Amino acid sequence: MKVRSIINNVTRGHFATCRGWMFGFFVLGSALTVRAQQAVQPVLRFADVLTDNMVIQQNKPFTVWGKAGRFEPVKIEADWLKTSVVVQADDYGDFIGIIPVPKIRPGDFGEHTLQISSGTVSRVTLQHILIGEVWFCGGQSNMQSPVGDILDGKVEAAQADYKNIRLFNAALNFSNTPLDNVKGQWVACTPQTVEKFSAVAYFFARQLHTTLDVPVGVIFSGIGASAAQAYVPREVLAADPLLDSAYLQPYLKSEKSREVIDGGFSFEKVTRPFLLYNAMIHPFVKLSIRGFCWYQGESNRNERDGYTHLMHTLIQRWRSDFGQGELPFYFVQVAPFFWDRENPDLTDYAFFREAQANILRLNNTGMVLTMDVGEAKDLHPKDKKPVGIRLALTALHQTYNQLSVVYQGPQMKTVEFENTTAIVTYIPETIAGGLKTKDGASPKFFSLAGEDGKFYPAEAVIVGDQVKVSSSKVKRPVALRYAFTNYAVTNFENGNGLPAVPFRTDSWREQK
């Protein structure tokens, strides 16, 4: 290779950010040393996310990538293929190949091997691989909360012996530039491995596994207290005037942006834009998956339309990066919480939940409610099992076309005002099993307002498939709200135990 060519390559990969010739010379020399070492010490390995015990997404092309010697041919073999695939590593030793993966039948839990080889002696094999369904789970602390810490967690963990469910827990990291590496290992689900794994992701996987009767792999890659902008690439934020001004520019103009970035946690660092995307999302983008699950929002709770727009941008970019079409994206609406303000009339968190609900305007999304399993004075409610199951019900209905699966609670269709009463009619398919309350009492947290815009608590009565609402303090109601306050832990549900969806009929502006 000519000297000019070497310098050009190093300049592209390492020299662009250097200041001063001496520092540039040092980097150039270091890069040449590394390249020389690679030339005499052939490397062959799978990408970090490809390990023993993994689940490979069925019925999709599967990307195999990793490291090899520069320009070396790499043979990819799988025990379900009759022929191998041969690719060539590039100048940096990166290789990438694509192999077909069959559709499996329910009950097929056969283990497989995947092998790469280069030259005559270098060979690496992945063992105990399953073919099934793979889902990517992200978010902040309520998604991260491990099985061992939730309601009945010790009992649930002790019973979690599912060798055909596989778990991948991505280690926390941050980066200014997109990374291809991530620390983590696929493991079989056992009482020991599940105890520290995301409870929501586990119950989601368990419900899919037992219903579909196929292997299920779940990845958790997220961190408590993180904000949504942390999971969006820098160039995407920069290209959007709203996101650029709200998130990127304030960070780039701050002293924080000039700090050396390491893997250590801080509550502030997990809200910085793009760092978590680079370190904890980008390493997975070549992996074939079925879809995404997301539980996040508490760190963005003071935002409204901007959060909806941010999430639309996040979803669209993730779908683009993973390159597998319009992948389903199912998310959890934040649970009731009082935020240290004991006033049952406050609505700021309800308006944020409304902003979350507006994410549903994007195609192939779904929202899971937590209104009935929240704890007014605990930001991390312990009853996580229903959350994971509801995500799975959504996936079963929307992704796996099991249309008989009920996945939504009562959702308002129309509200009619007749004299002193508001009559609520619900979308028929959301009231399977009828309308009821979980405690046998009347439905709570309905409120009515007249022309003055002041809401008063109202009495609600279930009458067949409708709810009739009235208040002695509102003679001529013009607006109705349900569970539209900060910490309304609800009791109203359908016959399948799924909670009613909060709503408001008014379009009045939020009172700050």
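The values are calculated or read from the model by the stated rules, or taken from the named source; none is laboratory data. Every value quoted in this text rests on a predicted model; they were computed, and no experiment measured them. Backbone-built Cβ (ideal geometry, glycine too); neighbour counts: all protein chains shown. Side chains are part of the model used for accessible areas, which takes the heavy atoms of the whole protein and leaves out ligands, DNA and RNA. Shrake-Rupley method; radii C 1.70, N 1.55, O 1.52, S 1.80 Å.
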task: Looking at (1) under 29 Å from the mean Cα position of the chain (by Cα); (2) open to solvent by 20 Å² or more (accessible area, probe 1.4 Å); (3) more than 19 Å from Ala422 (Cα to Cα), find the lone condition where Asn494 falls short.
output: (2)
query: Looking at (1) without any contact (Cβ under 8 Å) to a residue 24 or more places away in the chain; (2) touching a strand residue (DSSP E or B) at 6+ places or on another chain (Cβ under 7 Å); (3) open to solvent by 60 Å² or more (accessible area, probe 1.4 Å); (4) not in a loop (DSSP other than H, G, I, E, B), which is the one condition that is false for Glu429?
result: (2)
task: Evaluate the following for Arg509: is it closer than 27 Å to Gly433 by Cα and open to solvent by 10 Å² or more (accessible area, probe 1.4 Å)?
output: no
- prompt: Out of the range 294-319, which residues are farther than 20 Å from Phe220 by Cα and not acidic (Asp, Glu)?
  reply: Asn300, Arg301, Asn302, Arg304, Gly306, Tyr307, Thr308, His309, Leu310, His312, Thr313
- prompt: Which residue, of Tyr330, Tyr251, is in contact with a Ser or Thr (Cβ under 6 Å, 6 or more places away or on another chain) and more than 24 Å from Leu167 (Cα to Cα)?
  reply: Tyr251
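Filter the range 291-310 down to residues that are open to solvent by 30 Å² or more (accessible area, probe 1.4 Å) and farther than 15 Å from Glu354 by Cβ, then give me how many there are.
1
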- line: The strands (runs of 3 or more DSSP E) lying wholly within the range 79-176 that contain at least 1 residues that are open to solvent by 40 Å² or more (accessible area, probe 1.4 Å) and over 30 Å from Pro233 (Cβ atoms) are 85-88, 112-118, 122-139, 162-169
query: modelled with pLDDT of 95 or more, of a type in the set (A, V, I, L, M) and crowded, with 21+ Cβ neighbours inside 10 Å, is that true of Val467?
result: yes
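For the range 239-255: of the residues being assigned to a helix (DSSP H, G or I) and under 14 Å from His309 (Cα atoms), which is most open to solvent (accessible area, probe 1.4 Å)?
The selected residue is Pro241.
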field: Verdict on Gly495 being touching a residue at least 40 places away in the same chain (Cβ under 8 Å) and either small (Gly, Ala, Ser) or under 25 Å from Arg304 (Cβ atoms) (or both)
entry: yes
